Amino acid sequence: MKSLQALVDNPNLSGAYTGVQISRNVIKSWRVMKTRNCSRKSLITLCALGFSAAGLAAAPALSRDRVETLLQSLADAPGPSGYEEEVRAIMVRELKPFATHISYDGLGSVIAQHGVSGPRVMLDAHMDELGGIVRRITPEGFLSMQMVGGWLDQALLGQRWVILGSKGTVHAVTGIRDIHVLPQDERNKVFPRNDIFLDVGAKNAAEVAALGIEAGDPVAPDAPFAVLNGSQRYLGKAWDDRAGCAVVIEVMRRLAAEGHPNILIVAATTQEETGVRGAHTAADVVHPDIGIAIEGGVAGDVPGARPEETQARLGAGPGVFLYDSSEQPNRRLVGLIKETGKAEKIPLQFDLVSGYGDDSSAIQASNGGVPAVNIVVPVRYTHAHNGVMDRNDFDRTVDLVVALIKRLDSATVKRVRDFAP
């Protein structure tokens, strides 16, 4: 009773009660009943009903909260290609409790292993995101920027950014010429990236230097995570490929507890957006028998999209790439994914996207050739400041990959790798 009274006096304490959610309505009713001098028995009954109802949903709510927090921390962390330090720290922190061994390749990719026998299964997600690098500081205190990764020029203007300087994070905005002074014939033009500048609020180059900024400093989008209006849709930057990073963490968490017939090696790679470089070096270290890349896919369920570009939709389940411009998956491995999805009742989306590349291409071409596939969490608006993903797609992707890896025993991997006529 004293504990409940404390909650009534301060409802914010309810978050500290592990496994129990006390609704504001129950607390409000308690207060009303106390004011009306209701019996102690009635008050206890109300309390029991509130705790019981909360208990029914407690476990999934806690699970959702943990994963949502993980997704937020990964999405919000700045990590343009070649500058993945903050994301790397999160990956190591999350993987370390489940990995039997963690190491790094020469480009900074994280290689976390679980298991000591069986075929070597490389589960890959890249840590880096699109961004920029400070190129030059003008005498007036503005900065030009070298873009890193596959940006559209029209996605760059009027956006917020963070510069990772020697004295900490510096906020900036890409300036845009005012419509009131822009000639009519220029108002509908896309401004090329080389004409775009960063404004940090400085009056001159000396003030920029005082902020700890110099040429070569990395620049990342500034677009905080948000849940879209109470839905299961998550808004954030860098779902390509922080969604994949969260998937591989959750897969290792589950397989460490449930078991698997192979050596699972999670590779959180660097510099994917500038040429799948980290996947190449990581695969050289891992020597995989099977490669599975987890990516942020391309959702086509938006106005103006054409079916021949992509057919994936948010909320319709994990995606499996049958073709992209950098890789063609192993057909037997795709067949095994289909069997797994059917057995686990997981809806699958199959797609072919011509203007796309991913880490599975580097894994596939390593070590004399490795059967590989790219599995995706569909995302709207990739390669921009704000993307949207669906939580149910994420959860089902984790389910699919867990079930798939459990099937990759020695006999199955041997069959997948057998090309004899």
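The values are calculated or read from the model by the stated rules, or taken from the named source; none is laboratory data. Remember, predicted model here, so these are calculated numbers, not experimental data. Glycine gets a Cβ as well: all are built from the backbone with ideal geometry, and neighbour counts include every protein chain shown.
Report yes if residue 291 is closer than 24 Å to residue 415 by Cα, surrounded by 22 or more Cβ atoms within 10 Å (Cβ to Cβ) and either at pLDDT 95 or above or of a type in the set (Asp, Glu) (or both), otherwise no. Break it down stepwise before answering.
Values: closer than 24 Å to residue 415 by Cα: yes; surrounded by 22 or more Cβ atoms within 10 Å (Cβ to Cβ): yes; either at pLDDT 95 or above or of a type in the set (Asp, Glu) (or both): yes.
So residue 291 fits the description; yes.
Conditions (1) touching a Gly at 6+ places or on another chain (Cβ under 8 Å); (2) modelled with pLDDT of 95 or more; (3) among the hydrophobic types (A, V, I, L, M, F, W, C); (4) surrounded by 15 or more Cβ atoms within 10 Å (Cβ to Cβ), marked per residue:
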{"residue": "331", "(1), (2), (3), (4)": "no, yes, no, no"}
{"residue": "335", "(1), (2), (3), (4)": "no, yes, no, no"}
{"residue": "340", "(1), (2), (3), (4)": "no, yes, no, yes"}
{"residue": "378", "(1), (2), (3), (4)": "yes, yes, no, yes"}
{"residue": "403", "(1), (2), (3), (4)": "no, yes, yes, yes"}
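Residues checked against (1) crowded, with 23+ Cβ neighbours inside 10 Å; (2) more than 21 Å from the chain's Cα centre (by Cα):
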site: 101; (1), (2): no, yes
site: 122; (1), (2): yes, no
site: 136; (1), (2): no, yes
site: 146; (1), (2): no, yes
site: 151; (1), (2): no, no
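Is it the case that the range 242-258 has a residue that's surrounded by fewer than 24 Cβ atoms within 10 Å (Cβ to Cβ) and at positive phi?
No: zero hits.
Here is a yes/no grid of residues against (1) of a type in the set (A, V, I, L, M); (2) touching a residue at least 24 places away in the same chain (Cβ under 8 Å):
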site	(1), (2)
165	no, yes
179	yes, no
197	no, yes
209	yes, yes
216	no, yes
220	yes, yes
227	yes, yes
234	no, yes
249	yes, yes
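Spot the failing condition for residue 223; the list is (1) more than 14 Å from the chain's Cα centre (by Cα); (2) in a loop (DSSP other than H, G, I, E, B); (3) buried (at least 17 other Cβ atoms within 10 Å of the Cβ), and only one is missed.
The failed condition is (1).
So residue 358 ticks every box in (1) of a type outside the set (A, V, I, L, M, F, W, C); (2) part of a loop (DSSP other than H, G, I, E, B); (3) modelled with pLDDT of 95 or more but one. Which box is left unticked?
Of the numbered conditions (1) of a type outside the set (A, V, I, L, M, F, W, C); (2) part of a loop (DSSP other than H, G, I, E, B); (3) modelled with pLDDT of 95 or more, the odd one out for residue 358 is (3).
Please verify whether the range 258-275 includes one or more residues that are in a helix (DSSP H, G or I) and either touching a Lys or Arg at 6+ places or on another chain (Cβ under 7 Å) or not assigned by TED's automatic domain parsing to the domain that holds residue 137 (or both). Step through it out loud before you land on a result.
Step one: list which residues in the range 258-275 are in a helix (DSSP H, G or I), which gives 258.
With the extra rule that they be either touching a Lys or Arg at 6+ places or on another chain (Cβ under 7 Å) or not assigned by TED's automatic domain parsing to the domain that holds residue 137 (or both), the set shrinks to 258.
There is at least one residue in the range 258-275 that is in a helix (DSSP H, G or I) and either touching a Lys or Arg at 6+ places or on another chain (Cβ under 7 Å) or not assigned by TED's automatic domain parsing to the domain that holds residue 137 (or both).
What number goes with the only condition from (1) within 24 Å of residue 357 (Cβ to Cβ); (2) within 28 Å of the chain's Cα centre (by Cα) that residue 262 does not pass?
Failing condition for residue 262: (1).
It is to be established whether one or more residues within the range 132-147 are aliphatic (A, V, I, L, M), outside any strand (DSSP E or B) and more than 25 Å from residue 245 (Cα to Cα).
At the first step, the residues of the range 132-147 found to be aliphatic (A, V, I, L, M) are 133-134, 137, 143, 145, 147.
Adding the requirement that they be outside any strand (DSSP E or B) leaves none.
Scanning the range 132-147 turns up no residue that is aliphatic (A, V, I, L, M), outside any strand (DSSP E or B) and more than 25 Å from residue 245 (Cα to Cα).
Report yes if some residue within the range 172-183 is in contact with a strand residue (DSSP E or B) (Cβ under 8 Å, 6 or more places away or on another chain), of a type in the set (A, V, I, L, M) and part of a loop (DSSP other than H, G, I, E, B); otherwise report no. Before the answer, list the steps.
Narrowing the range 172-183 to residues in contact with a strand residue (DSSP E or B) (Cβ under 8 Å, 6 or more places away or on another chain): 172-175.
Among the residues that remain, those that are also of a type in the set (A, V, I, L, M) are: 172-173.
Okay, now just the ones that are also part of a loop (DSSP other than H, G, I, E, B), so none.
No - not one qualifying residue is present in the range 172-183.
Scanning the range 78-96 for residues that are assigned to a loop (DSSP other than H, G, I, E, B) and in contact (Cβ under 8 Å) with a residue 60 or more places away in the chain, which turns out surrounded by the most Cβ atoms within 10 Å (Cβ to Cβ)? Break it down stepwise before answering.
Pass one, the range 78-96, residues assigned to a loop (DSSP other than H, G, I, E, B): 78-79, 81-84, 96.
Remaining after also requiring in contact (Cβ under 8 Å) with a residue 60 or more places away in the chain: 78-79, 81-84.
Values: 78: 23, 79: 26, 81: 23, 82: 18, 83: 22, 84: 28.
Result: 84.
Restricting attention to the range 226-240, and to residues there that are of a type in the set (D, E, K, R) and touching a helix residue (DSSP H, G or I) at 6+ places or on another chain (Cβ under 9 Å), which single residue is surrounded by the fewest Cβ atoms within 10 Å (Cβ to Cβ)? Quick ask: steps written out before the conclusion?
Within the range 226-240, the subset of a type in the set (D, E, K, R) is 233, 237, 240.
If we keep only those that are touching a helix residue (DSSP H, G or I) at 6+ places or on another chain (Cβ under 9 Å) as well, we get 233, 237.
On the way: 233: 18, 237: 24.
Going through the qualifying residues, I end up with 233.
Identify, from the list 337, 363, 375, the residue that is of a type in the set (A, V, I, L, M, F, W, C), outside any helix (DSSP H, G or I) and touching a residue at least 12 places away in the same chain (Cβ under 8 Å). Let's see the steps before the verdict.
Working: 337 fails: outside any helix (DSSP H, G or I); 363 fails: outside any helix (DSSP H, G or I).
The unique qualifying residue is 375.
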